[in-house]
Structures are given as C-alpha cells and as structure tokens.
Amino acid sequence: MSRLSLWIVLSVLAICALPFVLERHSTELMIFAAFYAIAGLGVGLLLGQCGIVNLAQAFFYGIGAYASAYGTVVLGWTPALGMLVGVGVAGLIALAIGWPILKLTGFFLALATLGIGIIGTILFFEWDWLTGGTLGIGGLPPLSIAGFAFDTPDRFYFLAWGVALGLLWLAHNLTNGRPGLAMRAVRDAAPAVEGLGVDIHGLRIKVFVICAMLGALAGSLFAHYVSYVSVESFTVQRSIVFLLIPVIAGPRVVWGVVPGALFVTLVPEWLTGFGDIHQMLFGLVLVVVVTLLPEGLTGLPARLGRRVTR
Amino acid sequence: MTMTLVWQSLLAGLANSFIYAMVGIGIAVIYKGTRIVNAMQGDFAVIGGMTAVFALSSWGLPYPVGFALGILAGTATGWLIDRFCVRPMMRRNAEEDAFLLLTIGLAFTIGAAVLYFAGRDAHLLPGLGGSGSVQIFGAFMPVHAIWLIVISLAVVFGLWAFYRWSIIGLSMIAASISADGAETNGIDVSRMRGYTFALGGAIGALAGILVTPLIAVSYQMGLGITLKGFAAAILGGLANPLGAVIGGLVIGVSEAMAVVGLSSGYKDVVALGIMLIMMVLMPNGLLGHAGRKGG
C-alpha cells in the first residue's frame, strides 16, 4: 500500500469518526468543507489536469442552488428533481459557454471565466423574478431520499461527505485512467498530443462540463442545508475561494482538495481570533503558497525532506 | 427619451472610457514588459486613490503632495511585487497559471488590507480644476473629466515616445521579447522587469487618483476595474497602449448606451459581453496584428 493510499484510508476513517466527537458548530463547519470539496474538485480537475483556471465556479454553484430553491419552494418539486435539474442546467450552460471560450488558453481563458462569473452574479441579482434578488429564496425543505430525511447536522454530514468522497474516488479513477493521461498530456504538451489525434477541444469541454456539474451539485446541497439562498453566496470572491481549494494543497493530486477544503473553511475561522485582519492574513497565506510552494502545502513535507537529505 | 439625455450619458461614458483606458494601459505596459497579465491592476488604482484620499483628509497635506504620494505608493507596490513575488517565481520558471494565481491572490490580499486599514467607507477626492462643469451642446461635463482625458492622452503619447526612443523603454521591450538575447546585449533583465512593474503600478495609481473625484474609491472596486481595463486592453490588442484607449472608448460608450437603453444594472453585462465576444472572434484586437501569446 503506497503512502498516498494510506493517508487516504486514514483520512476517510477520521472523517467518519468526527461527528461523534465534534460539537455542533464544528460539525457544521465540516459540512461546509464537504460542499467546498465537491465544488473545488471540479476546479481542481480543470486546473490540475488541464491547466485551466476557472473563475466562474460560483456561478455554477449558484445555478445548482437556485434550481433547488426555485424548484422546491416555488414549483413544488421534490428535492431530488430540483437537484437533477440544477446539475443538468449547469452542464448545458457550461457546454454552451465552454464551446466558444475553451478555444482560448492561459490568461485569456482565465479572464474570460472571470467575466462570465461576474455576469452570472449580476444576472442572479437582476433576475429577481427567478432568484428573489437581494431578498433571496427561503424555506427550502430538508433533503430526503426515499423517505429518509437528512434533517439533522449529523445526518447531513454523512450525506455530504459520502457524496464528496464518492466523487473523489470517481475523479481519482478518471485521472488515473486513459482520460487522465490525455488531460495531463494536453496540459504539458498540447501540440504533440494534437499530433497523436487527441481531440483537445472536446476533452477540455468535457472537463469543463464536469466541473460545472460538480459546482451545481455542491450548490444544491448547500441550498438544502442552509434552506435559504441569496446573491451574496455566489460572488466572484466565492469563485476565488473555490480556486484556492486545489491551489493550497497542490492541484495535481485529486485528493488535495480535501486538505484544501478544510483549509478554506477552518483557517478563516481560527484567524477571526485576530480580528478584522484575518482576511488579509488569509490572502497572504495564498500569495506565499503560490510564490514559494509550487506543489502546494502537501508538497511541503517532501520539500523539507529534500532539503534535509541534501 | 430625449437626445439631450443620450448626449449627456455619452459624455459621462466618455469620461469612464478614459479611466478604463488608463487601467488597460497599465495592463498593457506590464504585459508588454513581462508577458504577465496582471489581474490586480485595478488594486493599484485603489492604492493610489486611497493614499491620496488619506494624505489630503487625514494628514492635511496639499493636493499636489497627495497626488505625488498616491503615485509613489502605486510605484512602490509594483516594485515590491516584482522583487518579492515575481522574481522568485521567474527563477524557478513558474508556469502561466501560477502567475495568474499570484496576481489574483494579491488582488484579494490588497482588497482585504485596504478594508482593514482604511475601512469600508468609499471616499471621494476633490476634482482637478475644482467642482465646476462646462456645458457642451446642452449637456454638462465636469472640468475634472476634461483634465482626466487630457492627462490620459498625455500618458499614452508619453509611453509611445518612451518605448520608441528611450534606452530604458527599448531595453524593457527587449527583455520581454527575448530574455537571453537581451542578457547577451548587457541588459539587466530582472531590473527591467522591476521597472516594468513600477511603471505599471505608477500608471495604475494615477488612474486611481484621477477616477476618485468621479467614482468614490473603496476596498472592493479593484477586481471590477481590472476587468473593465482588461476588456479595453483586449480590444486594443493587449500590447498596445494606444489600442487600450480605443478599446476603452468602445467599452465606455457601449456601457453608457446600455444604461440609456436597458437599465444601469446591465452595464457591466454589456461591457464584459463585448470583451468575451471580442476575445473569441477577434483575438488580435480591433487594430489587428498586434500579436499575443496564449490565445
């Protein structure tokens, strides 16, 4: 058993045991970390496997959340249907947007996604017949599957982390199979891969759509958990946080989104002890990680090890 | 809707155009000198504007001193960013997405720092040439807006001359086109990159000081301005300061028309929509053949 799989098994065990020892507030934070892990997984697949910076994830997160809110509260759908519609709509919109813009690369693609993220936030704000504008939509029913309602934090905790770990496992298999090989080859040597007959554009669109669907799923879970959605949850700042999740732990390993998601939920919580300066400290941590630690925080032990043995 | 109303909002759009152009010029300068797209250019504007505001209101310094301090703050920030972030990353040949993450992280950090040190409030500066306005064919334009346009044009032509004739300007371009070639010719490439960031910071801060009499400066405006400036720069072909002015005019005027025709909420949608369409359909910008990497 390799070191990585040992870590994964230990983390999964720890995640299963946590709700029995944590107090309620910490359990809630951990539930948010699961939403972040799911949405961050999408961004991480794009960044780590394809080298694409996506700054529109909060938009897709919002589509999932509003589909669940509007579907269940206004149209009276079941939560499962709302979630399904949200994920489907996000996928279709990602396909329609991704097809033209994924011809761009690098900075231009990143800023294009940033533009889409900002347009998305404005539309959430302006289309108040659909989204409730600044007032938002409240009173979402708790999520229930086949009559079993996930209506307590502990139950929701297992649902959210179960979904997150399941998706991580799927993503792990995806990136270790042929598609993952193709994705990383596109990232590292696009012209050579094109020569080998890989449909680069098609591959990038597929990953972009998967990313959007993961974002929508996370948004939908979030909406059911807090039972209230409004524009503030889907701003560009949120997209930046989603981007940080894979960056902090190093985007190349899929499982890195778990420490990344824990970092973005727990560290600001601890830093609030320092007062208003915590946001700035958080930003500085990011700058330091990007500047000095190209493999992210998970690369730190290996880096120190190299320095010691040298 | 009367013609005067359309004309009035066109004039307002014209003033905004030059602000976007100034931010776009800063992005173009940094891109020209380093091949990095700076996603925190708008935060240089926030730093410049805020420094000038505090120099005037809290420390009671005279207007020209505040103006100079604002520009100095932007220049220093640009230089520091190169020295402490970009240089170590260049040394290990970091990839394009790493530089983008860096500038986004800096935008986030500077926004949070301004929030911490300067607070949530938005601030205005007094305008150049007082608070008066002139009447042009029945519509009013603040005197400051005219100063803004004059100064922006002066910056564009100054930069054009700088890159064409001055040794430093030529070295800065050479360092970005071929680092090895420039090094062989005795150009200190990393120093040129430092100058480029300092110049970008100075132009960004100037943009911030000039915008603050028209739009109140606050900690959260950085990213929005960056994107408008980027849209202007993209329309102009990204490496061309004059192109950024034309791009700024397209963005500013279409925004003004969107406010008249649709509602003010949609003006950013129109500006960013134009940016997206232009990026996909005309990757070299309105002026063409400017050439750009990575798209």
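We did not get these values from a lab; they are worked out from the coordinates using the rules stated. Not measured: the values here are computed from a predicted model. Because the Cβ atoms are built from the backbone with ideal geometry, glycine has one as well, and the counts that use them run over all protein chains shown.
Things to note:
- Exposure proxy ranking for A:Leu135, A:Leu41, A:Leu159, A:Leu46, based on other Cβ atoms within 10 angstrom of each Cβ and starting from the fewest, stands as A:Leu135, A:Leu159, A:Leu46, A:Leu41.
- If you take the Cα centroid of region A:121-159 and the Cα centroid of region B:144-197, the two points sit 52 Å apart.
- Farthest towards the positive end of the charge dipole of region B:171-290, among the residues B:Gln220, B:Ile177, B:Met282, is the Cα of B:Gln220, using unit charges on the Cβ of Lys, Arg, Asp and Glu.
- Residues B:Thr212, A:Thr291 arranged by fewest to most Cβ contacts within 10 Å: A:Thr291, B:Thr212
- Amide H contacts of A:Ile52 (H built 1.01 Å from N, in plane; Pro and chain starts excluded): A:Leu47 sit under 5 Å, all sequence-distant by 5 or more or on other chains.
- Whole-Hz couplings from phi, Karplus 6.51/-1.76/1.60, listed for region A:32-37; x for Gly and Pro: 4, 4, 5, 4, 5, 5
- Net charge dipole size for the protein assembly as shown [Lys, Arg +1 and Asp, Glu -1 on Cβ; Debye, nearest 20]: 1380
- Distances between placed amide hydrogens fall under 5 Å for B:Ser133 paired with B:Val143, all partners being 5 or more residues away or on another chain.
- HN-Hα J in Hz across region B:77-85 - Karplus 6.51, -1.76, 1.60, θ = phi - 60°, x for Gly and Pro: 4, x, 5, 4, 4, 5, 5, 9, 10
- Region B:1-62 versus region B:258-276: alpha-carbon centroid distance in Å: 18
- Among B:Val280, B:Val217, B:Val156, the largest mean-square fluctuation in a Gaussian network model of chain B (Cα springs under 10 Å) belongs to B:Val280.
- Cα-based Rg of the protein assembly as shown normalised by 2.2 N^0.38 Å, two decimals: 0.98
- Counting every other Cβ atom within 10 Å of each residue's Cβ, A:His25, B:His144 order from fewest to most as A:His25, B:His144.
- Pair A:Glu232, B:Ala98: separation of 7 Å Cα→Cβ label points (nm): 3.8
- Euclidean distance between Cα centres, region A:4-83 to region A:267-286, Å: 22
- Calculated FRET efficiency, A:Asp199 to B:Arg191, Cβ-Cβ distance, R0 = 56 Å: about 0.80 to the nearest 0.05.
- Calculated from backbone phi, Karplus (6.51, -1.76, 1.60) coupling profile of region A:174-184 in Hz, x at Gly/Pro: 4, 6, 8, x, 4, x, x, 4, 4, 4, 5
- In the protein assembly as shown, helices alone account for a calculated mean residue ellipticity at 222 nm of -24000 deg cm²/dmol, with every DSSP H run of four or more residues adding -39,500 (n - 2.57).
- Region B:1-106: trypsin sites (Lys or Arg not before Pro) in DSSP loop, at most 11 other beta carbons within 10 Å: B:Arg92
- Applying a threshold of 26 Å to the alpha-carbon distances of B:Lys32/B:Lys228; A:Lys206/B:Lys32; A:Lys103/B:Lys32 flags A:Lys206/B:Lys32 as lying beyond it.
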